[in-house]
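Okay, structure first, notes after.
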Amino acid sequence: MPGWLFGSLTAEHCGSCSSAAMAWLVVRLAISVSLLYTASAVFEDQVGKFDWRQQFIGKVRFALFDTQSQASKKLLVATDKNVFASLNSRTGDLFWRHVDKTGPEGHIDTLLMYGQDAVVVVGNGRLLRSWETTVGGLKWETVLDTGSFQAAALVGVQDHVKYVAVLKKSSISLHDLSSGSQIWVENLPDSDTVQYQTIYSGGNGLVFVLGVVPNSHIVIVEYKIEDGEIMNKKSVEAAWMSSLETSCTIISSGILLCADQITQSLYTLPLQSAEQTEMRQIHLQTLDLEVASGFQPVLTSTQPNPAQPPLSEFFLQLSPDHHILLQLKDNLIAPLRDFNPSYLAAFATSGERTVAAVMSPKNDTACSINLFSADTGRRHLDTTIIYHMDPNGGKPNRLYVHAFLKKDDSVGYRVMVQTEDLTLTFLQQPGRVVWMREEALADVVTMEMVDLPFTGTQAELEGEFGKKADGLLPMVLKRLSSQFILLQAWLAHLWKLFYDARKPRSSVKNEITIDTLSRDEFNLQKMMVMVTASGKLFGIDSKSGTILWKQYLENIQPNSVFKLIVQRTTAHFPHPPQCTLLIKDKDTGLGSLYVFNPIFGKKSQIGVPALPRPILQTLLLPVIDQDYAKVLLLIDDQYKVTAFPSTKNVLQQLQDTASSIFFYLVDSSQGKLSGFRLRKDLSTELIWEVVIPAEVQKIVAVKGKRANEHVHSQGRVMGDRSVLYKYLNPNLLAVITESTDTHQERSFVGIFLIDGVTGRIVHEAVQRKARGPVHFVHSENWVVYVYWNSKFRRNEFSVLELFEGAELYNSTVFSSLDRPHPPQVLQQSYIFPAPISTLEATLTEKGITSRHLLVGLPSGNILSLPKMFLDPRRPEVVSEQSREENLIPYAPEMPIREEWFINYNQTVSRVRGIYTAPSGLESTCLVVAYGLDIYQTRVFPSKQFDVLKDDYDYVLISSVLFGLFFATMISKRLAEVKLLNRAWR
Amino acid sequence: MNLRARACVSALLLFGLRVCFSQDIKLQEDDEDVMFKTPEEDVRVQVSGRALVPGVRAQDWISSARVLLDGDKHVGFLRDDGSFTVSDVPSGSYVLEISSPTYRFQPVRVDITTTGKMRARVVNYIKTSEVIRLPYPLQMRCVGLHSYFIPRETWGWSDFLMNPMVLMMVLPLLIILLLPKVFNPSDPEMRREMEQSMNMLNSNQELPDVSELMTKFFSPPKSQGKAAGGGGARGPRGGAPSPRAGASRRKMRD
């Protein structure tokens, strides 16, 4: 069941009931209208003031250091996010980054580098690209023939690398390195039976292609570089072999070396010799070695220069933490050095010298990396780098070494360590961390913003009120003591201000740590809790973007889905805030809970319920237990409900309120939406079911309204001073369907508005000749959705607004069960002249500020589009009344102004989600856009009407005040003199 | 159960404000569409062109720019000389844009037929079938910098003084304060001048004049003051009672 939907539905919600709201309506209208054309733009001096961006690349698959010159800082990386980038190896910043399309078509198969050029094979061998690495410009691009990619190699002739060879499943092609033009392409012999996997060239004018028929024999084909003529072809028996790629490598002057776990042997075979027709077997026993059972031995060799044969030294990995450096000499394999235990080993070359770096465990929290010369296995002195493992992180799993020659001709090196949790750490001797990148953040799945706690002193005061009264005198004493603490804190603050003022400005910038975190006056600074696909959690300060805590959850399945729930906010001191992460395996549906403190990132000691059955739905109730934690209900596939926390108090409350707790389930494979009611014994009963025939259309998304959304005004004032009341049903669900028929004439997008308590279909609409992906926002009394109009090939926005009419049925309480009149539905559609990545709406504390839609565009910009433009009451013909209401006349095309891009040139690549949170200021909404990058900013949809402007002219206002003051004084004096003179006259 | 909402007003305005119900959008035959139907056979072509930013070296902007076809459905990159190719594009109609955080380019619609023929035309989202051909291979020229920022309202004395509100407030104030001082009704010179101007204006009968009203308003009942003559103080006291009067007097001098 792909449906993974959550919702909290209670039957009755008290609507904010007031007529004073009407006054606000007018104010709000005035605000929104007067600011229509300038709203939400960025001033140039605001750049970087409250916004920040962090750019990521993803999990590194290939990393190459530029070893051409000593001063080069370039580090080229290709990642699983289809990103090819150049990093500054001194700082970890990006020089440039190229983001290709997502999915297998942009997948980077391999990265090769020679000189200033980097050759990349993209899209399973579809494209061959060469990049100029200093500028980051494309040199050339060629389309290769179809066929799945196997391997690619640089081919050198007489010490010069001139070509690149690409091996496909059934063909091999050779391309010129400087222009990309194809020199020749040849079909591989017997490609239907032989799996060709490896390509090798040692610079002697020949290209070897190696294939294997599993458990039978190896095929070696020699091609001449000039014209692709087959010089030789032979097959060698190798019954034990299943794959060349995993078990073989090429060492020395073209000798194939393979390792086999079952026979506990190494096998060698010279590629070129005609006489040897079978592989020579070397038992590992003769070398006193043994491969750990069940472990596929790994061979690592190095070919420093593609125009030269590889070195004869190689690493053999016998178990996950045992490497051995071996050498092939005179047809004999001899161990050079045994590294036991050792986690990782890698070769690196600088100039003529090749070294091997080996990471070995030092103690529980640290590893040491040492450098050894490759040809002798001797340890280089004073080359130890201590790598401290993050106790909240994962184990290191890749080691990239950058070796360089020092002035005294000794070899120096730096290493980049990649860990399971996708942290890149760049270290230099003797263990200084030069930079660190948290690449897990390139794949944020979900996030929440949590208010920061009060400072110690504020909390102290709060705590005073929270405790039980214990007599008059102690209370007075406590009061006095807390006042004294406040005074002390204030004096300390003043002293700090004074002290800082004397220091130069640059040194004042103090580091933000968890201990110094506290809520600011307007609650603008919050803790961003981010959950990433790799299972790493982050706590990020929203003001600066500093990572304050991180926690790697091990054993997370790669296809897990996450749901983050804030159960208790920081408002309930001394109870710590509490977040719950529900981790669900997509295939089995089995879930587990992880409870933690969102401010400090520590795992909470609270016992979590075991979840033996797949979880279908969760809902967070407004019911709280005695510790102020909201109750989370988990519904399993047998419609049984588990409550968390499940104390007696909670169960009692649930029994009392069970009859008004409803929830819904979505089964998109059967097109079934069903509503349930909770029973007193925590079982459930089915009360409604809506079936949308799955053969015709499939449910793609279901969304309710956000629980923390406030609607300030209950209606809209019309031009004739009457009020059009909004249909504010908190239980309304918006269901989006797409047709299964994708033909452009017959495809359609459907939208259903369904009451989640009664199952009543409030409205349905169909957009013909339209297809997804549909992005939509459901808020207040409106739904805005975007679809692709396949007839006119453009994106269209459509807005649905629901109104009760001129009279409110029951103005105090909204009940789904008692709404006899269906709402009036207004709809209007507009053309949106750009593609769309994601859609979200701004959110403010009280809902007085006008709403904006935040549209993430594929170009990386985030557009803040006033909701006023998406108003189904926009008139075609302007009338007196519509002018009175400040309705914009209808125009089919939605405007896109560059001033509405809230992130100016700080584009967010592949924006996947936008998170909005209210701040303590009504005018301000906090926005986080995440995708490959993370961008945080604040938006002011109705301008900053509740704070003074940034450029407020204090000098002018004070000079005017003083001027007036002195003018009065002087004129008073003059008047006195005049009076006196007159009296004398 | 009431399945459908009672009143559904849906307005989808397409070509020239055509209103129709969203449940029932009329089918409209468009021969453009027949031409660019989804292909059965797999035709993959290269879209190529060249992007130019006049006066800027290609190295300075190409690394942050991308060529996007219909969002990021297909992505191409720029070469050092500004040229680009987007490879492996199946037939269809696409909007090609160059996305650069600094420079702005006009998007172009590229149509690829099932046989692999290509043409480029101006993007028009409202009249989608309108064809205004553009050269192919594409020539993308930068049309300026992105203007992300709006200028701050700066405060200046001139802005302040020229503000209509200020003008409305200050000018009457000045008139009330200064007029009695400047305009001395007992000054015979002034008076004569007034009369002259009045005569001038009277010749121009159809226009009632402010200065006339002013004089009537401010001058005391006609009694004394014709006696005293004399040339003297003319210039400095000639401060206009009202702009209009001043203007008319100047005219008279001419």
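Coordinate-derived values only; no laboratory data. The model shown is predicted, which means the values in this text are computed figures rather than measured ones. All Cβ positions, even for glycine, are placed from backbone atoms using ideal geometry, and neighbour counts span all protein chains on display.
Only bridges with both residues in the protein assembly as shown count here: give the DSSP antiparallel percent, nearest 5. Display every interim value, and only then the final one.
Numbers: 306 of 320 bridges.
Rounded to the nearest five, the antiparallel share is 95 percent.
More than 23 angstrom separation, counting every C-alpha pair in the stretch A:97-237; what % is that?
Taking all Cα-Cα pairs of the stretch A:97-237, the fraction more than 23 Å apart is 33 percent.
Considering only DSSP states other than H, G, I, E and B, which trypsin sites (Lys or Arg not before Pro) in the stretch A:358-458 qualify as loop sites with at most 10 other Cβ atoms within 10 Å?
A:407
With the Cα gyration tensor of the stretch A:340-399 giving a ≥ b ≥ c as the square roots of its eigenvalues, does the rule (a/c under 1.5 for rounded; else a/b larger than b/c for prolate; else oblate) give rounded, prolate or oblate?
prolate
Taking the Cα centre of each part, how many Å lie between the stretch A:213-261 and the stretch A:654-727?
About 63 Å separates the Cα centre of the stretch A:213-261 from the one of the stretch A:654-727.
Find how many whole Å separate the alpha carbon centroid of the stretch A:738-755 from the alpha carbon centroid of the stretch A:140-175.
45 Å
With each pseudo-label sitting 7 Å past Cα toward Cβ, what's the residue B:162-residue A:686 distance in nm, one decimal?
With each label point 7 Å from Cα toward Cβ, the separation is 7.5 nm.
Aspartates and glutamates within cross-link reach of residue A:407: Cα-Cα under 19 Å, excluding same-chain residues under 8 positions apart?
Residue A:407 reaches A:66, A:352, A:382.
Give the span of the stretch A:710-774's Cα atoms along each principal axis, as three whole-Å numbers ordered largest to smallest.
In descending order, the Cα extents are 48, 31, 19 Å.
Pull out a ≥ b ≥ c, the square roots of the eigenvalues of the alpha-carbon gyration tensor of the stretch A:609-709, then state rounded if a/c is under 1.5, prolate if not and a/b is larger than b/c, and oblate in the remaining case.
prolate
For residue A:242 and residue A:745, what does the FRET efficiency come to when R0 = 51 Å and r is the distance between their Cβ atoms, rounded to the nearest 0.05?
0.55
How far, in nm, would the chain grow between residue A:409 and residue A:230 when pulled straight, counting 0.36 nm per residue and subtracting the alpha carbon separation?
Full-extension gain reported as 60.0 nm.
Assuming 1.567 mPa s and 4 °C, estimate D for the stretch A:918-985 with Stokes-Einstein, Rh taken as the Kirkwood radius over Cα pairs, in µm²/s.
Value of D from the Cα-based Kirkwood radius: 77 µm²/s.
Say R0 is 35 Å: what FRET efficiency, to the nearest 0.05, do residue B:153 and residue A:722 get from their beta-carbon distance?
On the way: r = 37 Å, r/R0 = 1.06.
The formula returns an efficiency of 0.40 here.
Based on the alpha carbon coordinates of the protein assembly as shown, what radius of gyration and maximum Cα-Cα distance (Dmax) apply, in Å?
Rg then Dmax for the protein assembly as shown, in Å: 38.5, 143.
Which log10 I(q)/I(0) values does the stretch A:527-594 give at q = 0.20, 0.26 Å⁻¹ under the Debye formula, counting every alpha carbon as one identical point scatterer?
-0.88, -1.17
Taking only Cα atoms, what is the 0 to 90° angle, nearest 10, from helix A:954-984's long axis to the longest principal axis of chain A?
Long axis of A:954-984 versus the principal axis of chain A: about 30 degrees.
Modelling each spin label as a point 7 Å along the Cα-to-Cβ direction, I'd like the residue A:637/residue A:276 distance in nm, to one decimal.
Going from the residue A:637 label point to the residue A:276 one covers 5.5 nm.
Semi-axes, largest first, in whole Å: what does sqrt of 5 times each Cα gyration tensor eigenvalue give for the stretch A:396-454?
After diagonalising the Cα gyration tensor, the semi-axes are 35, 14, 8 Å.
For each pair in A:478/A:648; A:59/A:406; A:972/B:216; A:526/A:648; A:59/A:563, compute the distance between the two Cα atoms and list the pairs where it is over 27 Å.
Distance filter (> 27 Å) returns A:478/A:648; A:59/A:406; A:972/B:216; A:526/A:648.
What FRET efficiency comes out for the pair residue A:293/residue A:613, r = Cβ-Cβ distance, R0 = 35 Å, nearest 0.05?
The formula returns an efficiency of 0.45 here.
Name the lysines eligible as straight-distance cross-link partners of residue A:329: C-alpha to C-alpha under 29 Å, and not fewer than 8 places from it in the same chain.
Of all the lysines, those that pass the test against residue A:329 - Cα under 29 Å, at least 8 places apart if same chain - are A:224, A:233, A:234.
At residue B:59 and residue A:436, where each label point lies 7 Å from the Cα along Cα→Cβ, what is the point-to-point distance in nanometres?
3.6 nm
Ordered by packing density, taken as the mean number of other Cβ atoms within 10 Å over each peptide's residues, highest first, how do A:182-192, A:421-431, A:944-954 rank? Working shown, then result.
Working: A:182-192: 15.0, A:421-431: 19.6, A:944-954: 11.7.
Per-residue Cβ counts within 10 Å, averaged per peptide and sorted highest first, yield A:421-431, A:182-192, A:944-954.
Using the Cα gyration tensor of the stretch A:308-384, with a ≥ b ≥ c the square roots of its eigenvalues, what is the shape: rounded (a/c below 1.5), prolate (a/b larger than b/c) or oblate (neither)?
Because a/c hits 1.5 or more and a/b fails to exceed b/c, the stretch A:308-384 counts as oblate.
If you project the alpha carbons of the stretch A:676-823 onto the principal axes, what extent comes out on each, in Å, largest first?
52, 48, 27
For the stretch A:231-378, what is the charge dipole size about the Cα centre, in debye to the nearest 20, if Lys and Arg each add +1 at the Cβ and Asp and Glu each add -1 at the Cβ?
About 300 debye.
Find, among the trypsin sites (Lys or Arg not before Pro) in the stretch A:590-653, those assigned to loop by DSSP (not H, G, I, E, B) with at most 13 other beta-carbon atoms within 10 angstrom.
Answer in residue order: A:602, A:640.
Give me the percent relative contact order of the stretch A:835-889, please, defined on Cα pairs under 8 angstrom at least 6 residues apart.
25 percent
Given the options A:436, A:877, A:789, identify the residue whose Cα lies farthest towards the positive end of the charge dipole of the protein assembly as shown (+1 on Cβ of Lys, Arg; -1 on Cβ of Asp, Glu).
A:877
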